[in-house]
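Visitor: My questions all concern the structure below.
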Amino acid sequence: MAAVRALDTDAIWDVLRAVPDPEIPVLSITDLGIVREVHEDRVILTPTYTGCPATLVIESMVREALDAAGFEHIAIETTLSPPWTTDWITPEGRAKLHAYGIAAPTRGVPACPQCGSEQTEEISRFGSAPCKSLWRCRSCAEPFDLFKCH
Amino acid sequence: MPSLPPIRPEDEAVAEKIRPGGAFDAPVDEAHGRILFELALRLGDDSLILGQRLAEWCGHAPGVEVDLSLANMALDLIGQATHFLTIAAEAEGKGRSADDLAFRRDVLDFKNCLLVEQPNGDFAQTMARQFLFSAWQKRLFDGLTACADDRIAAVAAKAVKEVAYHEELAAEWVIRLGDGTEESRARMIDGLDWMWRFIPELFETDEVMTDAAARGLVPDLASIRIGYDARVRAVLAEAGLEAPADQRPILGGRRGHHSEHLGHLLAVMQYLPRTYPDAVW
């Protein structure tokens, strides 16, 4: 019995690993670190930003994915505490961001995801999404998004 | 006529456990619920109204980056409002939802501070309002992370980092415009002048706030004021601006006495749900 349950939660994790973040589809919601807990009867999600417009979309995508995998009985709950920070993004997620052309969150100056130069400057505090700011590389002159350290 | 059986000592022991709220339920503290409702409503209304104000800039800001920043701040604020108004609706316990509170109340029932409903004016006026509000909200939320209500504490802990960002961004604009051209400086002076008289209301300690503080729901506003004043002074100094002269404070928002501006804002914000009640996407 216990073995079956462990398999169940493993299978649920697999389903969630395949759900992309709607704003940055190269990341899955598990890469982003917004799946807090998986139990036999429920999964617990947390929002990235208080006003993130993707929150409801993510919930319905998770619902659809769970239903499609036969987990109709699994409930979806959300929690605010402890608050999500960019530290919850997995190392794999950071690598995927970089490969996609988005600089991963850093407390220092981000390196250009195109050419690797550290001669970069901020153009705008807010970018194409609330979680990103807009930067420019002074070496290769390409603009890029930085996933803001949060 | 049959008489009731005599009361036995063991019955009295049971009766003592029964509370006036009903049977063996937890005691219903009506005063606590009322204060929680009022507090969550004020917090939610502040965020909602300022979020709506900033959203009015969408597509009209001086540049695309500025447009994005204003819309993103609006999103953060509306996100806060959703959480706070949900808490308020639950505390009220009358079956109203957060949407009901946002879209089906009229001016007199809104409890936001007067600062947030002030018109956008030009970009300098908007940034003056934003800085004076966010610097206050940041310090308030810092204190609210220790709120006796776990849900309010969780929202504050979540939102405080976003608000710190708002404060920083607005402070940078106050400095850039104040220390900019003759034109930008004159406009920032006018903007600060407009907003200045609404600062005292942020620190008003009325019965609700006194009661809420006694219940451990809110931090001491007087101690927040010290850090707030220091921060505002420092930013104005960096901008090369003098603080406007203190004016007669204008109060009343927390009791539903609003300026003429709020009704116009609500007319736009509430148009759709009032015209098509219960419409869904």
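Read-outs: derived from the displayed coordinates by stated rules, not from any lab. Predicted, not measured: the structure shown is a model, and the values here were computed from it. A quick note on method: Cβ atoms are made from the backbone with ideal geometry, for glycine too, and the neighbour counts reach across all protein chains shown.
Visitor: What relative contact order, as a whole-number percentage, does chain A give when Cα pairs under 8 Å and 6 or more residues apart are counted?
Guide: Numbers: 243 pairs, mean separation 26.6, N = 150.
Relative CO of chain A lands at 18 percent.
Visitor: Place a label point 7 angstrom from the Cα of residue B:56 along the Cα-to-Cβ direction, then list the residues of segment B:228-267 whose backbone nitrogen is under 17 Å away.
Guide: B:258-267
Visitor: In whole Hz and in residue order, list the ³J(HN,Hα) couplings for segment B:197-211 that follow from phi through the Karplus curve 6.51 cos²θ - 1.76 cosθ + 1.60, θ = phi - 60°; x for Gly and Pro.
Guide: Going residue by residue, I get 5, 9, 5, x, 4, 4, 10, 5, 10, 8, 4, 4, 5, 5, 5 Hz, with x marking Gly and Pro.
Visitor: Rg and Dmax of chain A over Cα atoms: what are they, in angstrom?
Guide: 17.3, 60
Visitor: Grab the Cα-Cα distance for residue B:104 and residue B:182, subtract it from 0.36 nm times how many residues apart they are, and report the gain in nm with one decimal.
Guide: On the way: separation 78, 0.36 × 78 = 28.08 nm, distance 4.46 nm.
Using 0.36 nm per residue and subtracting the Cα-Cα distance, I get 23.6 nm.
Visitor: Mind checking the full-extension length gain between residue B:164 and residue B:30? Use 0.36 nm per residue of separation minus the Cα-Cα distance, one decimal, nm.
Guide: Values: separation 134, 0.36 × 134 = 48.24 nm, distance 3.46 nm.
The span from residue B:164 to residue B:30 would gain 44.8 nm if fully extended.
Visitor: Give the lysines reachable from residue A:96 as a straight Cα distance under 22 Å; neighbours fewer than 8 places away on the same chain don't count.
Guide: By straight Cα distance, residue A:96 reaches A:132, A:148.
Visitor: Relative to the first principal axis of the alpha-carbon coordinates of chain B, what is the inclination of helix B:182-196, with its axis defined by its Cα atoms, in degrees from 0 to 90 and to the nearest 10?
Guide: Once rounded, the angle reads 20 degrees.
Visitor: Pop the C-beta distance of residue B:210 and residue A:78 into the FRET formula with R0 = 35 Å and round what comes out to the nearest 0.05.
Guide: On the way: r = 33 Å, r/R0 = 0.96.
Efficiency, rounded to the nearest 0.05: 0.55.
Visitor: Could you work out, residue by residue across A:115-126, how many beta carbons of other chains sit within 10 Å of that residue's beta carbon, and then give the average as an integer?
Guide: Numbers: counts 0, 0, 0, 0, 0, 0, 0, 0, 1, 6, 10, 11.
Whole-number average of other-chain Cβ neighbours for A:115-126 is 2.
Visitor: In segment A:28-101, what GluC sites (Glu not before Pro) fall in a loop by DSSP, with at most 14 other Cβ atoms inside 10 Å? Present the calculation step by step, with values, prior to reporting the outcome.
Guide: Numbers: sites: A:37, A:40, A:59, A:64, A:72, A:77, A:92; in loops: A:40, A:72.
Those that pass, being in a loop and sparsely packed, are A:40, A:72.
Visitor: Tell me the relative contact order for segment A:2-85 as a rounded percent, counting alpha carbon contacts under 8 Å between residues six or more apart. Can you show the working numbers first?
Guide: Working: 98 pairs, mean separation 25.3, N = 84.
Contact order relative to length: 30 percent.
Visitor: If I take R0 = 25 Å and measure r between the Cβ atoms of residue B:226 and residue B:255 in this structure, what FRET efficiency does the formula 1/(1 + (r/R0)^6) give, to the nearest 0.05? Let's see the in-between values first.
Guide: Details: r = 26 Å, r/R0 = 1.04.
After rounding, the FRET efficiency stands at 0.45.
Visitor: Evaluate the Debye formula for chain B with equal point scatterers sitting on the alpha carbons, no solvent, and hand back log10 of I(q)/I(0) at q = 0.09, 0.10, 0.15 Å⁻¹, in q order, two decimals.
Guide: -0.47, -0.56, -1.14
Visitor: From the square roots a ≥ b ≥ c of the eigenvalues of the alpha-carbon gyration tensor of the protein assembly as shown, which class results: rounded (a/c under 1.5), prolate (a/b over b/c), or oblate? Could you put the intermediate results ahead of the total?
Guide: Numbers: a/c = 2.08, a/b = 1.15, b/c = 1.81.
The shape class here is oblate.
Visitor: Also: Among DSSP bridges having both ends in chain A, what percentage is antiparallel? Round to the nearest 5. Numbers along the way, then the final one.
Guide: Details: 13 of 19 bridges.
Roughly 70 percent of the DSSP beta bridges within chain A come out antiparallel.
Visitor: Taking only C-alpha pairs under 8 Å that are 6+ residues apart, what is the relative contact order of chain B in percent? Spell out each step's value before the answer.
Guide: On the way: 358 pairs, mean separation 61.1, N = 281.
Reported as a whole number, the value is 22 percent.
Visitor: Then there is this: Evaluate the Kirkwood expression for the hydrodynamic radius of segment A:101-147, namely the inverse of the mean inverse distance over all pairs of different C-alpha atoms, and round to one decimal in Å. Before the final figure, lay out each step's value.
Guide: Working: mean 1/r = 0.0984 Å⁻¹.
One over the average 1/r among Cα pairs gives 10.2 Å for segment A:101-147.
Visitor: Hey, got a sec? Which trypsin sites (Lys or Arg not before Pro) in segment A:14-108 land in a DSSP loop and have at most 15 other Cβ atoms within 10 Å? Mind dumping the intermediate values first?
Guide: Working: sites: A:17, A:36, A:42, A:63, A:94, A:96, A:107; in loops: A:107.
Passing both the DSSP loop test and the Cβ count: A:107.
Visitor: Right, here's the next one. Which far-off residues, 5 or more places away or on another chain, put their amide H under 5 Å from the one on residue A:144, with H placed in the peptide plane?
Guide: Sorted by chain and number, the residues that satisfy this are A:135, A:136, A:137.
Visitor: Calculate the dipole size of segment A:2-85 relative to its Cα centre from +1 charges on Lys and Arg beta carbons and -1 charges on Asp and Glu beta carbons; express the result in debye to the nearest 20. All intermediate terms of the calculation are to be shown ahead of the outcome.
Guide: Numbers: 5 positive and 14 negative charges, 35 e Å.
So the magnitude is around 160 debye.
Visitor: Using a Gaussian network model of chain B whose springs link C-alpha atoms within less than 10 Å, name the residue from B:246, B:109, B:67 with the highest mean-square fluctuation.
Guide: B:246
Visitor: Distance in nm between label sites at residue B:275 and residue B:238, each 7 Å beyond Cα in the beta-carbon direction?
Guide: Taking the simple label geometry, residue B:275 and residue B:238 are separated by 4.4 nm.
Visitor: Quick one: order B:221, B:272, B:262 by neighbouring beta-carbon count within 10 Å, fewest to most. Before the final figure, lay out the partial values.
Guide: Values: B:221 19, B:272 11, B:262 22.
Taking fewest neighbouring Cβ atoms as first place, the list is B:272, B:221, B:262.
Visitor: Okay, moving on. Compute, for segment B:30-256, the length of the dipole vector about the Cα centre, with Cβ point charges of +1 (Lys, Arg) and -1 (Asp, Glu) only. Units Debye, rounded to 20. Provide the component values of the computation, followed by the final result.
Guide: Values: 25 positive and 38 negative charges, 68 e Å.
Computed charge dipole of segment B:30-256: roughly 320 debye.
Visitor: Sticking with this structure for a sec: Given the protein assembly as shown, what percent of its DSSP beta bridges are antiparallel, to the nearest 5?
Guide: Antiparallel bridges make up about 70 percent of those DSSP assigns within the protein assembly as shown.
Visitor: Ok, one more. Give me the percent of DSSP beta bridges within segment A:2-85 that run antiparallel, rounded to the nearest 5.
Guide: 50 percent
Visitor: Using the alpha-carbon centroid of each, what span in Å lies between segment A:82-122 and segment A:52-73?
Guide: If you average the Cα positions of each part, the centres end up 27 Å apart.
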